[in-house]
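Structure first, commentary second.
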Amino acid sequence: MKLPRQFFKPLAIGAPQPLTELPVNLERMIHFLPPHVEKMRAKVPDMIPNVDVILGNLEDAIPADQKEAARAGFIELARDNDFGSTGLWTRINCLNSPWILDDITEIVSEVGNKLDVIMLPKVEGPWDIHYLDQFLAQLEAKHEIKKPILIHAILETAEGVNNVVDIAMASPRMHGMSLGPADLAASRGMKTTRVGGGHPAYGVLADNNGNDTKRDFFQQDLWHFTVAKMVDACSAAGIKAFYGPFGDFADLEACEAQFRNAFLLGCAGAWSLHPSQIEIAKTVFSPDPAEVKFALRILEGMPDGTGAVMIDGKMQDDATWKQAKVIADLARIVAEKDPDMAAKYGL
Ligand code: GLV
Ligand code: MG
């Protein structure tokens, strides 16, 4: 294990100083776009004010014969646009693929100073993060990159889930982690062809109670265990957890339900693969105005965060003060970006 004193040292002479705290950014949705498609690149200027993060996807869903065009398209869109407070990320190809070396070297050399986060797919263990960490430090030093490029891992293999705690703590470069339900389902041998969401056959049957009446069946969340495990690993390491893709673009309600479960369990955001999912993520990952108002009353009612008070008949103490602070802090970040939400929160 690396000694604590060495942990925050740059891994290459001339590389920027690793961060001790993550930047405070609103990241309710990571919006995926295929950068080899010119029509999609043309939409970027209008997209920037409307999303929290724009991600140029180079990995799965990009055909093998378009991988280089996607990389070049990402470099072009990164260079041609001013992203302001909107995050600029890319999902590179996985570590054993033929494209990864050029993905990393070309992107860092061409647009490293504009790139916030690299999403690394199919992470199996901390060794994958260490490799990218070291390599990025060398490239950052060579190309005089000013701030460290962060790493976001996709949790989408059984081995990765086994190693989730060590992945989360692998480097100060870790930004967070997303659940990848499609690859994870395949890796685990789960019997579903869906990309995220539930399955009608996965649930609990109510007791028969010795009579013939129709028994209720309650569908359960296939991803509950993994999301909770990921949230614990990320929160303990001081990084952020995200739900990943929801593949049924026609079922907005199911997408909302999946995103909401992730939000309530502690996730900061989810991926949007279709424009309709942007609004869902915005609604779901911004705290509810009624909840924010109640949280603000708790904080006001206990100015130093200690003791016990009753508000609307509900007991509040130091722990509920902390819960209220999670919601109020997030509301303030949302309000800074979104004047409509600021008005709804009364902030
Ligand atoms: C995402 O990459 C997934 O495999 O679900
Ligand atoms: Mg995947």
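Residue-wise test of (1) part of a loop (DSSP other than H, G, I, E, B); (2) within 16 Å of ligand 2 (Cβ to nearest atom).
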site	(1), (2)
ASP133	no, no
VAL165	no, no
THR193	yes, yes
GLY198	yes, no
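Just wondering, is there one or more residues in segment 16-23 that are open to solvent by less than 70 Å² (accessible area, probe 1.4 Å), modelled with pLDDT of 95 or more and over 24 Å from VAL165 (Cα atoms)? Scanning segment 16-23, I find at least one residue that is open to solvent by less than 70 Å² (accessible area, probe 1.4 Å), modelled with pLDDT of 95 or more and over 24 Å from VAL165 (Cα atoms), so the answer is yes.
Being within 27 Å of LEU26 (Cα to Cα), in contact (Cβ under 8 Å) with a residue 24 or more places away in the chain and within 13 Å of ligand 2 (Cβ to nearest atom) is a property that holds for LYS122. SER276 meets the conditions (1) open to solvent by less than 10 Å² (accessible area, probe 1.4 Å); (2) assigned by TED's automatic domain parsing to the domain that holds LEU55 in every case but one. The failed one is (1).
Put simply, of GLY87, GLY56 the only residue that is small (Gly, Ala, Ser), assigned by TED's automatic domain parsing to the domain that holds ALA153, buried (at least 17 other Cβ atoms within 10 Å of the Cβ) and out of contact with any Gly (no Cβ under 8 Å at 6 or more places or on another chain) is GLY87. Of the residues making up segment 194-248, those that are among the polar types (S, T, N, Q) and more than 15 Å from SER178 (Cα to Cα) are ASN208, ASN209, ASN211, THR213, GLN219, GLN220.
Conditions tested, residue by residue: (1) under 25 Å from LYS122 (Cα atoms); (2) aliphatic (A, V, I, L, M).
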position: PRO245; (1), (2): yes, no
position: VAL292; (1), (2): no, yes
position: GLY313; (1), (2): no, no
position: ALA324; (1), (2): no, yes
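On the basis of being of a type outside the set (Val, Ile, Thr), open to solvent by less than 80 Å² (accessible area, probe 1.4 Å) and either assigned by TED's automatic domain parsing to the domain that holds VAL326 or within 16 Å of ligand 1 (Cβ to nearest atom) (or both), does PHE246 make the cut? Spelling it out, PHE246 is indeed of a type outside the set (Val, Ile, Thr), open to solvent by less than 80 Å² (accessible area, probe 1.4 Å) and either assigned by TED's automatic domain parsing to the domain that holds VAL326 or within 16 Å of ligand 1 (Cβ to nearest atom) (or both). Only one of the numbered conditions (1) touching a residue at least 40 places away in the same chain (Cβ under 8 Å); (2) over 19 Å from LEU11 (Cβ atoms) is not met by GLN138, and that is (2). The residues in segment 305-335 that are more than 26 Å from THR283 (Cα to Cα) and among the β-branched types (Val, Ile, Thr) can be counted, and the count is 3.
Can you confirm whether ILE145 is part of a loop (DSSP other than H, G, I, E, B), open to solvent by less than 20 Å² (accessible area, probe 1.4 Å) and touching a helix residue (DSSP H, G or I) at 6+ places or on another chain (Cβ under 8 Å)? Yes; evaluated as a whole, the condition is true for this residue. A single member of LEU101, LEU120, LEU115 is more than 16 Å from ligand 1 (Cβ to nearest atom), closer than 24 Å to GLU156 by Cα and open to solvent by less than 50 Å² (accessible area, probe 1.4 Å), and it is LEU115. Taking the criterion of being open to solvent by less than 30 Å² (accessible area, probe 1.4 Å), part of a loop (DSSP other than H, G, I, E, B) and more than 16 Å from ligand 2 (Cβ to nearest atom), the only residue of segment 223-243 that qualifies is ILE239.
In this structure, is ASP207 away from ligand 1 (no atom under 16 Å from the Cβ), within 23 Å of the chain's Cα centre (by Cα) and open to solvent by 60 Å² or more (accessible area, probe 1.4 Å)? Criteria not met by ASP207.
The values are calculated or read from the model by the stated rules, or taken from the named source; none is laboratory data. If you're wondering where the values come from, they're calculated on a predicted model, not measured in any experiment. We place every Cβ from the backbone using ideal geometry, glycine too, and count neighbours over all the protein chains shown. SASA here: full protein model, heavy atoms, side chains in, ligands and nucleic acids out. Shrake-Rupley method; radii C 1.70, N 1.55, O 1.52, S 1.80 Å.
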